[in-house]
Amino acid sequence: MAFDISRRLMLTGAMGASIAGASACATSTSAVSAATAEAAFPPSAVPDPYLLGPKEGVALLSRNENPYGPAPSALKMIEYAASKGAYYTSREAMMMLTEMIAEKNGVAPEQVVVTTGSGEVLSAIAMIFGPKGPIVAPRLFWDTTALYAVNLGMASIDRVPLAADMSIDLAAIEAKVTSETGLVQLCNPNNPTGLVSDAATLQAAVKRMAKKTTVLVDEAYIELSDDPDANSCVPLINAGYDVIVTRTFSKIYGMAGIRVGYSISSAETAEKIRSVAMSWSPCTSFAAGIGCYNDEEFLNYSRSKIQEGRDMVTTTLETLGLEYLPSQTNFVYFKSGLEANDVQKAMNEKKISVRGQYMDYNEWTRVSMGKIPDVERFCKALPEVISA
């Protein structure tokens, strides 16, 4: 079928049921099993009443956003696109961003699918491959989009425990994979742990698994890793392996609210994804993506500010003698010695928003990097919280 991302993409697919999930506050052995059946990423325990962005006086460090974006290059294009908002997004704009992504990643345009954030393409992938067999994944990963298909009765998730160091246990995942597996889904770097898998080990495992089934690698935070090119699985696609890589403009580009994401795969797989895409990105999203995709000055600035905040947090944690995982993302996962939901509540009282408990990892808290003054507030508040 000819490559076409015009009106056919816009009109194909339908919105499904909304994503649901709730976390279990589990401590017993039986509760661990119950927690495994629940979402790793349940709705936050703290209501979010804010219209757009954080309410004045609130340090919003719970959602892995990058408040240094959108880049000026994106904002200029958004303003232009808004003035043309009476018109549907043009095929020319769709093709331009698609071709830019393809060129940068050394693939053909027909291998790229641009969607409304990576959430849409990840949900579409789960709907395509979920009915074929279980989605094999780490116990902790960004599971919301896989659960989209689960909640529609189209998929199940076979969660594999993390290794002792909280890394993805690639050997254990590989041992689960057969020709009956619908999909393997990995996040690299992983969320909420922030850990990046060893590149050689990951790519070797992905190659072997991709001979049996499709392997999806969610690289939402890859641009924040120490060596994005070496860590990425994109080269495996052109080498002929059955691999899908997804990326987003929500993290390093600071456009979580603008909603642009994409997948890279074989042309055949891309056409399958395109055929079940559930909506289409507005003209402002495509324009913003075109404006900032190759804006290296902004990307370097964004990366440096995130690193600055991360260094502040890890220094604070080391001073307090608290365990944390070495993150290569815009968040840090640390063990406070307190219940994560209690830490969240105490921080909330100080108008600092952090994430609460994931599944039954009750002592681990995730804090995102925000603007430096907000990170400073967290660092000053943490000693008070853990000693209260």
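Identify, please: which residue in segment 342-367 is within 19 Å of ALA40 (Cβ to Cβ) and hydrophobic (A, V, I, L, M, F, W, C) and is, among those, modelled with the lowest pLDDT?
Checked segment 342-367; the qualifying residue modelled with the lowest pLDDT is MET359.
Checking SER279 against (1) buried (at least 23 other Cβ atoms within 10 Å of the Cβ); (2) over 20 Å from SER302 (Cα atoms), which test does it fail?
With respect to (1) buried (at least 23 other Cβ atoms within 10 Å of the Cβ); (2) over 20 Å from SER302 (Cα atoms), SER279 is out only on (1).
Go through (1) at pLDDT below 95; (2) assigned to a strand (DSSP E or B) one by one and return the number of the condition SER179 breaks.
It fails just one condition, (2).
Look at ASP342 and say whether it is more than 30 Å from SER232 (Cβ to Cβ), under 21 Å from the mean Cα position of the chain (by Cα) and surrounded by 16 or more Cβ atoms within 10 Å (Cβ to Cβ). Spell out the reasoning first.
Working: more than 30 Å from SER232 (Cβ to Cβ): yes; under 21 Å from the mean Cα position of the chain (by Cα): no; surrounded by 16 or more Cβ atoms within 10 Å (Cβ to Cβ): yes.
Judged against the criteria, ASP342 is not a match.
State all residues of segment 89-108 that are assigned to a loop (DSSP other than H, G, I, E, B) and either surrounded by fewer than 18 Cβ atoms within 10 Å (Cβ to Cβ) or under 25 Å from the mean Cα position of the chain (by Cα) (or both); if no residue qualifies, say none. Before the answer, list the steps.
To start, the set of residues in segment 89-108 that are assigned to a loop (DSSP other than H, G, I, E, B) comprises 89-90, 106-108.
Those that are assigned to a loop (DSSP other than H, G, I, E, B) and either surrounded by fewer than 18 Cβ atoms within 10 Å (Cβ to Cβ) or under 25 Å from the mean Cα position of the chain (by Cα) (or both): SER90, GLY106, VAL107, ALA108.
For ASP360, only one of the following conditions fails: (1) in contact (Cβ under 8 Å) with a residue 60 or more places away in the chain; (2) surrounded by 19 or more Cβ atoms within 10 Å (Cβ to Cβ); (3) under 18 Å from PRO54 (Cβ atoms). What is its number?
The one condition ASP360 does not meet is (3).
Every residue, every condition in (1) touching a residue at least 60 places away in the same chain (Cβ under 8 Å); (2) of a type in the set (A, V, I, L, M), yes or no:
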| site | (1), (2) |
| --- | --- |
| THR98 | yes, no |
| GLU103 | no, no |
| GLY117 | yes, no |
| PRO134 | no, no |
| ARG159 | yes, no |
| ASP169 | no, no |
| ILE173 | no, yes |
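Which residues, taken from segment 365-385, are of a type in the set (A, V, I, L, M), within 13 Å of LEU317 (Cα to Cα) and not in a helix (DSSP H, G or I)? Please lay out each step first, then the result.
Looking only at segment 365-385, we keep the residues that are of a type in the set (A, V, I, L, M), and these are 367, 369, 372, 375, 381-382, 385.
Applying the additional criterion that residues be within 13 Å of LEU317 (Cα to Cα) yields 367, 375, 381-382, 385.
Result: VAL367, single match.
Identify the residue in segment 318-331 that is surrounded by fewer than 24 Cβ atoms within 10 Å (Cβ to Cβ) and in contact (Cβ under 8 Å) with a residue 60 or more places away in the chain and, among all such residues, is nearest to PRO189 (Cα to Cα). Can you show your working first?
Of all residues in segment 318-331, those surrounded by fewer than 24 Cβ atoms within 10 Å (Cβ to Cβ) come to 318-326, 328.
From what's left, in contact (Cβ under 8 Å) with a residue 60 or more places away in the chain: 320, 322, 325-326, 328.
Numbers: LEU320: 26, LEU322: 22, LEU325: 12, PRO326: 11, GLN328: 7 Å.
So the residue we want is GLN328.
Scanning segment 190-236 for residues that are part of a loop (DSSP other than H, G, I, E, B) and touching a Leu at 6+ places or on another chain (Cβ under 6 Å), which turns out surrounded by the most Cβ atoms within 10 Å (Cβ to Cβ)? Break it down into steps so the answer makes sense when it comes.
Step one: filter segment 190-236 for residues part of a loop (DSSP other than H, G, I, E, B), giving 190-198, 211-214, 219-221, 225-227, 232-233.
Filter once more, so that each one left must be touching a Leu at 6+ places or on another chain (Cβ under 6 Å): 193-195, 214.
Values: THR193: 27, GLY194: 25, LEU195: 23, THR214: 22.
Per the criteria, the residue is THR193.
Quick test of your reading of the structure: GLY240 fulfils all but one of (1) without any contact (Cβ under 8 Å) to a residue 60 or more places away in the chain; (2) in a helix (DSSP H, G or I); (3) over 21 Å from the mean Cα position of the chain (by Cα). Name the failing condition by number.
The one condition GLY240 does not meet is (2).
To keep it simple, each residue is scored yes or no on (1) in a loop (DSSP other than H, G, I, E, B); (2) within 24 Å of VAL332 (Cβ to Cβ); (3) modelled with pLDDT of 65 or more.
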| position | (1), (2), (3) |
| --- | --- |
| GLY13 | yes, no, no |
| ALA17 | yes, no, no |
| ALA31 | no, no, no |
| ALA34 | no, no, yes |
| ALA39 | yes, yes, yes |
| LEU51 | yes, no, yes |
| ARG63 | yes, yes, yes |
| ILE78 | no, no, yes |
| TYR87 | yes, no, yes |
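Somewhere in segment 323-335, is a residue out of contact with any Ser or Thr (no Cβ under 6 Å at 6 or more places or on another chain) and part of a helix (DSSP H, G or I)?
Checked segment 323-335: no residue is out of contact with any Ser or Thr (no Cβ under 6 Å at 6 or more places or on another chain) and part of a helix (DSSP H, G or I).
Can you pull out every residue in segment 275-291 that is in a helix (DSSP H, G or I) and either outside the structural domain of TYR80 (by TED's automatic domain parsing) or at pLDDT below 95 (or both)?
Residues of segment 275-291 in a helix (DSSP H, G or I): 275, 283-291.
The one that is in a helix (DSSP H, G or I) and either outside the structural domain of TYR80 (by TED's automatic domain parsing) or at pLDDT below 95 (or both): SER275.
Would you check which residues across segment 219-264 are small (Gly, Ala, Ser) and touching a strand residue (DSSP E or B) at 6+ places or on another chain (Cβ under 6 Å) and list them?
To start, the set of residues in segment 219-264 that are small (Gly, Ala, Ser) comprises 220, 225, 230, 232, 239-240, 250, 254, 256-257, 261, 263.
Within segment 219-264, ALA220, GLY261, SER263 meet the criteria.
Which residue pairs have Cβ atoms under 8 Å apart, sit 6 or more places apart or on different chains, and have a first residue in segment 210-229 that is of a type in the set (S, T, N, Q) and a second that is at pLDDT below 95 and part of a loop (DSSP other than H, G, I, E, B)?
Filtered contacts from segment 210-229: THR213/SER179.
The values are calculated or read from the model by the stated rules, or taken from the named source; none is laboratory data. Fair warning: this is a prediction, and the values are worked out from it, not measured in the lab. Methodologically, a virtual Cβ is constructed for each residue, glycine included, from the backbone with ideal geometry; neighbour enumeration extends over all protein chains shown.
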